[in-house]
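Values quoted throughout were computed directly from the atomic coordinates according to the rules given, and no laboratory measurement underlies them. What you are looking at is a predicted structure, and each value in this text was computed from that prediction instead of being measured. Neighbour counts are summed over all protein chains in view; Cβ atoms, including those assigned to glycine, are modelled from backbone coordinates with ideal geometry.
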Amino acid sequence: EVGIGYDDDPDEAAGIAEDVLDGIDTIANNPQPYAIPSGFGDSAILLDLRFWIDPPTPQARWRSKAIAVERIQERFADAGISIPY
């Protein structure tokens, strides 16, 4: 899950997140990873990120999450999408 600012476009943010997830080698392509707006936080629109790990090991899961967080933060910053706290 990741939050974006209320002034940001959820569809744009979801597209960026899905693009990032597609580019991580330990994330399976079938089924496709996806990001969907899932709710409202105190200061953010929440996006659920769903993806499957291949191979499904704890190490691959941790690595995939770490890479996703770093790359999504970087791509959101490049696109001017805020991550409120």
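Across region 62-74, the number of residues qualifying as basic (Lys, Arg) and without any contact (Cβ under 8 Å) to a residue 12 or more places away in the chain comes to 1. In the chain, counting only strands (runs of 3 or more DSSP E) that sit wholly within it, the ones holding 2 or more residues that are aromatic (Phe, Trp, Tyr) span 34-40. Quick check on region 37-55: of everything there that is among the acidic types (Asp, Glu) and surrounded by 14 or more Cβ atoms within 10 Å (Cβ to Cβ), which residue is farthest from residue 8 (Cα to Cα)? The selected residue is 54. Can you find a residue that is polar (S, T, N, Q), surrounded by 14 or more Cβ atoms within 10 Å (Cβ to Cβ) and closer than 10 Å to residue 2 by Cα anywhere in region 56-71? No, there is no match, as no residue in region 56-71 is polar (S, T, N, Q), surrounded by 14 or more Cβ atoms within 10 Å (Cβ to Cβ) and closer than 10 Å to residue 2 by Cα.
The requirement of being over 16 Å from residue 82 (Cβ atoms) and of a type in the set (A, V, I, L, M) is satisfied by residue 67.
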